[in-house]
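All remarks here apply to the structure that follows.
The values are calculated or read from the model by the stated rules, or taken from the named source; none is laboratory data. These numbers were taken from a predicted model, which means no experiment stands behind them. Cβ placement follows ideal geometry from the backbone for every residue including glycine, while neighbour counts extend to all protein chains displayed. The accessibility values were calculated without ligands, DNA or RNA, using every heavy atom of the protein model including side chains. Shrake-Rupley method; radii C 1.70, N 1.55, O 1.52, S 1.80 Å.
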Amino acid sequence: MRQISYSLLFVLFVFSSYGQAHRDAYRQGLQAIKFESYETAIEKFQEAVKINPQYADAWYYLGKTYDHLNRYEETIMAFRNLESVDSDYNISIYYDIAKSYIELENLRSARIYIKRYLEKASKGPKSQKLIHLAMNRLNYIDISQELREMPPNTSEPEPIASVNSVSGDYMPSVNPTGTRLYFTSVRQGGFDFKDENSAELDFGEDIYFSKLIGEEWSTPELLPKPINSMSNDFGSAFTGDGQNMVFVRCDEDGAIGSCDLYITQLNGSTWSVPVNMGNVVNDKDWDSQPTINSDGNRIIFTSRRSGGYGGSDLYMVEKNHLGLWGVAQNLGSIVNTPLTENSPFLAADGKTLYFSSTGHPGMGGADVFYTVFENGKWSTPKNLGKPINSKGNDTNFSISAAGNAYLASSRLDENNFDIFKAELPDELKPKPTIIVQGIVSNSEDKKPLSALVLIEDLNSGELIATNKSNTETGEYLVVLPAGRDYSVSANAEGFFFYSQSFELPKDTAYVEITNDIALEPIRKGTKVVLNNIFFEVGKAELKPISYVELNKAVTLMKNNKSMKIEVGGHTDNVGADANNLSLSQKRAQSVVEYMVLAGIERERLIAKGYGETVPIADNSTKEGRAKNRRTEFVIVEF
């Protein structure tokens, strides 16, 4: 009897030890997770389920650890074992299994498990976030299959050997003319910074640029201080003229969040000290990857701030009527998804937005999409298709006004990004624009001038943008999207303004126009042509599009009280001399009457018609006759 008792005690001891062993291994696995020792955690959870294959807790945390490490096949294995042990242990495992199948490109199996999750999911309020994710993934699965079966729509993107390095190179941003490429790199040779968490080839993020010389990109150059620093500096974005930059700096003293947006201006050849854009724009969380429109009035960026739709969302800020940046606005659920959107790029047309997403249907990883802002809302994003998008992560798409495209991709190395050049089909390009560029100078000594360059809508008078010519070189550049009529004017203290009109129908093709501007000093005897004064054919009535120009003249005279002007009317040689003389006089008088109504004293204005007697071009050509039909201002007293 005593021997039986000893045997029973031995059996109970063995079973007790057996039960204690798998629980000890499980607890050790949990402890390892706390210290981020994930490989140790996996060993302990594996030990626990080897001892007790029915141990649901250990299977669950084994699957979660594999999922954290992106070990997709093993994630599926662990969770499917848990499913066989207890199919209702935690129904989120069905979502995780589907997510892993998506990464393995097994969309059919992914669909089975997403549907299984949705069938089992509680409809209570605490389940809604994961249900939204699951519905997103179901839509992703169904549409991605169709996208992946479509043929390529262009040639394969090519890596830019002269720009890329052995380290990570990403966030390319090309200027409108396609002649300069800015990008971020963690290569050695910048403001190198490494700590215990840095990867072997990661020396900290710095901003570089390369110039297009002929058909080749030059050896990259590091932007100097104060742009680059010992902090991580990355994600540069520029206005069309290249004189305003927004970028990201991280872990800076006095910052709002871990990474903030900063802004700086080019003064001559030197960048100003970058200024944090402040807590109206930046948030206590991570803000990054900005893009700024050509006019400098709108910024779109990536943020992980609370209140968004997913892991990171796209937000927009615009300048208000005081010239200050307003509060960031989420782009909404048409663009943002419950997953991740990032790397926005506003094209030169100011309406077409390219960005990357893991939430919209695609080829795998992050894909590049585009959406267009029209009638006050963003259009449904469209995938750029193969081969611009690949199985890897494709991000940071950028395109010049002429349609030359660049992106960063991990398609060659899943652990590293390189910069690629890509050809984009016409239907995926932004709306056409023209570029007007040149040098503003003093007409007398030919020295460059720092001038305000205004872009206005000729029909409405709306001030669209205010730019500046470079303080040292006088260089200016404006980007004009097709579909509007513009006045581009230059104004400098002590000089008569200059204006030029540009009529751009919607079907305008891309072109670059060089338009050097020589401003006339304000002094007695100065004569200028007002290019944007228009009359009805054969009549003296001013067209409304003339008001933008005339208002500039009114402002000039109000600011110079001693100025007296002769308004000279001129015609071409078509028609009778007497008729032309009469018409030119009436047109000059119409200009005077407008300015008087606008508040200029009549005694400061003289109307003088010259008819066809003072041509400035050949009347035998259409272009020459157009130049001869003009309105001139002459300063007769000052």
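Miscellaneous remarks
- Of the strands (runs of 3 or more DSSP E) entirely within segment 461-504, those holding at least 2 residues that are among the aliphatic types (A, V, I, L, M) and open to solvent by less than 40 Å² (accessible area, probe 1.4 Å) occupy 463-468, 475-481, 484-491.
- Scanning segment 430-444 turns up no residue that is open to solvent by 50 Å² or more (accessible area, probe 1.4 Å) and in contact with a helix residue (DSSP H, G or I) (Cβ under 7 Å, 6 or more places away or on another chain).
- In segment 181-207, the residues that are under 30 Å from residue 480 (Cβ atoms) and open to solvent by less than 10 Å² (accessible area, probe 1.4 Å): 181, 183, 184, 207
- Residue selection: residue 64 satisfies the criterion of being open to solvent by 30 Å² or more (accessible area, probe 1.4 Å) and either within 19 Å of residue 32 (Cα to Cα) or not assigned by the TED database to the domain that holds residue 139 (or both).
- The lone criterion from (1) open to solvent by 50 Å² or more (accessible area, probe 1.4 Å); (2) in contact with an Asp or Glu (Cβ under 8 Å, 6 or more places away or on another chain); (3) not acidic (Asp, Glu) left unmet by residue 568 is number (1).
- Test: residue in segment 608-617 that is assigned to a helix (DSSP H, G or I), small (Gly, Ala, Ser) and free of Cβ contacts under 8 Å to residues at least 40 places away in the same chain: no
- Test: residue in segment 365-378 that is polar (S, T, N, Q) and open to solvent by 10 Å² or more (accessible area, probe 1.4 Å): yes
- Looking at 127, 155, just one residue is in contact with a Pro (Cβ under 8 Å, 6 or more places away or on another chain) and small (Gly, Ala, Ser), and that residue is 155.
- Filtered by the rule that a residue be of a type outside the set (S, T, N, Q), loosely packed, with under 15 Cβ neighbours inside 10 Å and either in contact with a strand residue (DSSP E or B) (Cβ under 8 Å, 6 or more places away or on another chain) or in contact (Cβ under 8 Å) with a residue 40 or more places away in the chain (or both), segment 208-219 gives 211, 216.
- Of all residues making up segment 402-435, the number that are within 27 Å of residue 187 (Cβ to Cβ), part of a strand (DSSP E or B) and either of a type in the set (A, V, I, L, M) or under 16 Å from the mean Cα position of the chain (by Cα) (or both): 7
- Checklist (1) under 19 Å from residue 467 (Cβ atoms); (2) of a type outside the set (A, V, I, L, M, F, W, C); (3) out of contact with any Asp or Glu (no Cβ under 6 Å at 6 or more places or on another chain); (4) open to solvent by less than 50 Å² (accessible area, probe 1.4 Å) applied to residue 267, failing item: (4)
- The criterion of at least 3 residues that are farther than 29 Å from residue 434 by Cα is met by the following strands (runs of 3 or more DSSP E) wholly inside segment 514-583: 564-570.
- Subset tally (residues that are without any contact (Cβ under 8 Å) to a residue 60 or more places away in the chain and surrounded by fewer than 21 Cβ atoms within 10 Å (Cβ to Cβ)) for segment 332-357: 4
- Within segment 231-252, considering residues that are part of a loop (DSSP other than H, G, I, E, B) and out of contact with any Ser or Thr (no Cβ under 7 Å at 6 or more places or on another chain), the one farthest from residue 193 (Cα to Cα): 241
- Considering residues of segment 385-404 that are open to solvent by less than 10 Å² (accessible area, probe 1.4 Å) and without any contact (Cβ under 8 Å) to a residue 60 or more places away in the chain only, the residue farthest from residue 429 (Cα to Cα): 394
- Options 178, 168: the member that is on the phi > 0 side of the Ramachandran plot and either touching a Lys or Arg at 6+ places or on another chain (Cβ under 9 Å) or open to solvent by less than 20 Å² (accessible area, probe 1.4 Å) (or both): 178
- Residues that are surrounded by fewer than 20 Cβ atoms within 10 Å (Cβ to Cβ) and either in a helix (DSSP H, G or I) or not assigned by the TED database to the domain that holds residue 31 (or both), drawn from segment 46-56: 46, 47, 50, 51, 56
- The criterion of being modelled with pLDDT of 95 or more and either open to solvent by 60 Å² or more (accessible area, probe 1.4 Å) or touching a Leu at 6+ places or on another chain (Cβ under 8 Å) (or both) holds for residue 558.
- Residue 578 fulfils the conditions (1) crowded, with 17+ Cβ neighbours inside 10 Å; (2) of a type in the set (A, V, I, L, M, F, W, C); (3) out of contact with any Lys or Arg (no Cβ under 9 Å at 6 or more places or on another chain) except for a single criterion, (1).
- Within segment 597-616, being of a type in the set (A, V, I, L, M, F, W, C) and exposed (fewer than 15 other Cβ atoms within 10 Å of the Cβ) holds for 597, 614, 616.
- Taking the listed residues 200, 215, the one that is acidic (Asp, Glu) and modelled with pLDDT of 90 or more is 215, with no other qualifying.
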